[in-house]
Amino acid sequence: MERDFEVRIDPQRLRPEKSEVMRLVSNNQLAKSMLDWKPEVSLKDGLKRTIDWISKHLKMYQPDTYQV
């Protein structure tokens, strides 16, 4: 995105130290095999579309509020 930003860490949002899941990884193989599904948009293009959409709809977001 070619933007400077500061990473802020909120301790309330961190996974507990003894959490059994420290990293989430997505895999679409099950959807491909069971639903005959395949992605129509590349990851790079999808991220660009998402960034463009959010940029145009910033009023819908509250980045300073933790929402589950």
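Please treat every number below as a calculation from the coordinates, not as lab data. As the structure is a prediction and not an experimental result, all values here were calculated from the model. Neighbour counts are summed over all protein chains in view; Cβ atoms, including those assigned to glycine, are modelled from backbone coordinates with ideal geometry.
Would you calculate a helix-derived [θ] at 222 nm for the chain, using -39,500 (n - 2.57) for each DSSP H run of n ≥ 4 and dividing by the full residue count, to the nearest 500? Walk me through the numbers before you get to the answer.
Numbers: 2 runs with 21 residues, N = 68.
The helix-only estimate for the chain comes to -9000 deg cm²/dmol at 222 nm.
Here are labelled values, (1) 73; (2) 50; (3) 172, and one is the computed volume of the Cα convex hull per residue in Å³ for what I pasted. Which one?
Entry (3).
Using Cα centres only, tell me the gap between the stretch 21-36 and the stretch 41-68 in whole Å.
Rounded to whole Å, the Cα centres lie 22 Å apart.
So if R0 is 35 Å, what FRET efficiency would VAL41 and GLU6 give, r being the distance between their Cβ atoms, rounded to the nearest 0.05?
Details: r = 30 Å, r/R0 = 0.86.
Here the calculated transfer efficiency is 0.70.
Between GLN67 and ALA31, what is the label-to-label distance in nm when each label sits 7 Å out along the Cα-to-Cβ direction?
It works out to 2.1 nm between the two label points.
I need ARG15, ARG23 ordered by Cβ neighbour count within 10 Å, fewest first. Could you put the intermediate results ahead of the total?
Details: ARG15 11, ARG23 5.
The order, fewest Cβ neighbours first, is ARG23, ARG15.
For the chain, compute the number of Lys pairs whose alpha carbons are separated by less than 26 Å, excluding pairs fewer than 8 positions apart on the same chain. Before the final figure, lay out each step's value.
Values: LYS32/LYS44; LYS32/LYS48; LYS38/LYS48; LYS44/LYS56; LYS44/LYS59; LYS48/LYS56; LYS48/LYS59.
Pairs that pass both the separation and distance tests number 7.
With 10 angstrom as the radius, rank LEU24, LEU30 by how many other C-beta atoms surround their C-beta, starting from the fewest. Intermediate results must be reported in sequence, preceding the final value.
Numbers: LEU24 6, LEU30 9.
Sorted ascending by nearby Cβ count, the order is LEU24, LEU30.
Please report SER26, SER19 as a ranked list, fewest other C-beta atoms within 10 angstrom at the top and most at the bottom. Kindly include the intermediate steps, with their values, before the conclusion.
Values: SER26 4, SER19 8.
Going from least to most buried by this count: SER26, SER19.
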